Amino acid sequence: MVLVLKNFRLVDETTDVCGSVIVEDGVIKEVYSANADDDAFDFIMAEKEIEQAAYHADVVLDGSHLKQCDGLVLMPAFVDLHAHFREPGFSDKETLESACLAALAGGYGTVVCMANTKPATDTIEQAQSIKNRSDALGLIDLYPVLSLTREMEGKELSEITLLKENQSNSQVVRLLSEDGNDVADSELFLSAMTQARRTGIPISCHCDLGGENNATKRAIELWKKAGCRLHIAHVSTKEAAAMIREAKKNNSDKPKAAFLKTEVLKKPQLSCEVTPHHIALTGKDAVTMGLESFGKVNPPLQTEEDRQALIEAIADCTVDAIATDHAPHTKADKESGAPGFTGLETAFAVCYSTLVIPGYISLLKLSSLMSAGPARILGLDRGSKGRGRIEPGLRADFAIADLRTSWTVDAAHFKSRSKNSPFAGKRLHGKIVMTIHNGLVYYIQ
């Protein structure tokens, strides 16, 4: 299967050019850019090669025929480190099928789903079962989280003890987490971190126990003892961001004060994520939606000062990834106070509208936060399964966005079964119009 994508604006964490991409059997074969500095002869030869490939291709997509090159952007498909797919056990909220379709509609090709299912995903067999179902659908790559303790009760370790050493390249489990049930027993939590160090798989800590700031402080202190890879989920306060910034500074001799196009960051020992809703909304929005109903989320929406601190942490590279924390609920659940928002289908537009248009960060940096950064954390940035950048040899997972489109969020049109979006009725800029997974077009808006 040969796919040729001609005349697109190509954007990843280090590249922003007009160009073309040739894909064979789901892998990027060649990338041609149309830089003004390119040698004229090389440019002509590249054009001939592209035309020849297009002549023999199974599918050709020409960005210039769809919209002008600067309006239609081809980016690496997004990688979500934090989502709730609700299966097994809660199919009234979301099904595996509806969640995968929602991910595609949002430009995602890879998603990590949390373990707070029913039963909890606390065995390797359960994780394998969920992944097998997703692989059979073939829509996205899904990696189930393995909980730290049995049944997420915080009493004894789960089957993380059975994971093999140096399993950071696991085909099934690439992240460990207790979700929002922070392990209260610090010794047990330290034991889980020791297992994480042995396997090479990062632990995602949701830092809820005793409040986000106290829980973040505890997680960092235990991480220093364990020496594992620690990922802090959905950072929402200025204090937590400051603690992570300081811990990273002390853990590395490399300055992280600026995002350098030429520097490809290695797998971080300490990383963190923020969500689109925490960088775009505040507690005032929660009050408007209903503090104990449609505006309720964990951690809660914070102050404008906290929101600005998160944007600063994004700009100075304290933040490694943007994750959705996609948390689908039924309308009745939200009315009764269930915390969480659906987020897969609005994430890019919210981040583009909130971060790029005002000039806080570039589109390259946003691509890094949504694609290459999370791929590195998961160990999916290189090799035959590599993704997150537009480079020969990597997976042909792409999201195509129309940056000129502005649209009003209508949750009724979501692919997700859940409609509990905090952005319903809001005007956003940038729209995902196509998602390509493994070299095949799976979503067209």
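Coordinate-derived values only; no laboratory data. The structure presented is a predicted model; accordingly, all values stated were derived computationally and were not measured. Every residue, glycine as well, gets a Cβ built from its backbone with ideal geometry; the counts of neighbours run over all protein chains shown.
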Segment residue 2-residue 25, length gained on full extension (0.36 nm per residue, minus Cα span) | 7.6 nm
Two decimals is fine: what is log10 I(q)/I(0) at q = 0.19, 0.25 Å⁻¹ for region 361-445, from a Debye sum with one equal scatterer on every Cα and no solvent?
-> -1.03, -1.23
Taking every other residue with Cβ under 11 Å from the Cβ of residue 124 and scoring Lys and Arg +1, Asp and Glu -1, one gets -1
Which value in nm describes the separation of the simple spin-label points at residue 165 and residue 59, placed 7 Å from the Cα toward the beta carbon?
-> 4.4
How much length, in nm to one decimal, is gained on full extension between residue 406 and residue 224, taken as 0.36 nm per residue of separation minus their Cα-Cα distance?
-> 61.0 nm
Placed amide H near residue 341: partners under 5 Å, 5+ positions off or other chain = 327
Show me 231-237, 354-360 ranked by packing, highest mean number of other Cβ atoms within 10 Å first.
-> 231-237, 354-360
Apply the Karplus parameterisation 6.51 cos²θ - 1.76 cosθ + 1.60, with θ equal to phi minus 60°, to every residue of region 183-200 and state each ³J(HN,Hα) to the nearest whole Hz, in sequence, with x for glycine and proline.
-> 5, 5, 6, 4, 5, 5, 4, 5, 5, 5, 5, 5, 5, 5, 4, 4, 7, x
The chain: most fluctuating residue of 213, 116, 251 per GNM, C-alpha cutoff 10 Å | 251
Exposed-loop-free span, longest in the chain, where GluC sites (Glu not before Pro) count as exposed if DSSP calls them loop and at most 16 other C-beta atoms lie within 10 Å = 264-445
Within region 414-433, find all residues whose amide N lies under 15 Å from a label point positioned 7 Å from the Cα of residue 335 along Cα-to-beta-carbon.
-> 419-420
Cα-based equivalent ellipsoid, region 77-385: semi-axes from gyration tensor eigenvalues, Å | 25, 24, 20
Residue-by-residue Karplus 3J(HN,Hα) for region 355-372, coefficients 6.51, -1.76, 1.60, Hz, glycine and proline x | 10, 7, 4, x, x, 5, 9, 8, 5, 4, 5, 4, 4, 4, 5, 9, 10, 5
Evaluate the charge dipole of the chain about its Cα centre and quote only its size in Debye, nearest 20, assuming +1 on the Cβ of each Lys and Arg and -1 on the Cβ of each Asp and Glu.
-> 480
Share antiparallel - DSSP beta bridges, the chain, percent rounded to 5 = 55
Under a plain spin-label model, where a point goes 7 Å from the Cα along Cα-to-Cβ, how far apart in nm are residue 188 and residue 312?
-> 3.8
Calculated FRET efficiency for the pair residue 123/residue 251, C-beta based, R₀ 41 Å, to 0.05 = 0.80
Between residue 304 and residue 445, Cβ-based FRET efficiency (R0 25 Å, step 0.05) works out to 0.15
Paramagnetic reach from residue 153 in region 164-200 [backbone N under 20 Å; point 7 Å along Cα→Cβ] | 177-192
Shape metrics for region 294-394, restricted to C-alpha atoms - Rg then Dmax, Å | 15.9, 50
Considering the alpha-carbon set of region 44-153 alone, what are its Rg and its Dmax in angstrom?
-> 19.4, 64
Which ³J(HN,Hα) values in Hz, rounded to whole numbers, follow from the phi angles of region 83-92 under the Karplus curve 6.51 cos²θ - 1.76 cosθ + 1.60, where θ = phi - 60° and Gly and Pro get x?
-> 8, 10, 9, 6, 10, x, x, 9, 5, 5
If each part is reduced to its alpha-carbon centroid, region 360-434 and region 85-157 end up apart, in Å, by 20
If the limit is 27 Å between Cα atoms, which of 118/334; 93/365; 284/419 go over it?
-> 93/365
Could you please rank 409, 27, placing first whichever residue has the fewest other Cβ atoms within 10 Å of its Cβ?
-> 27, 409
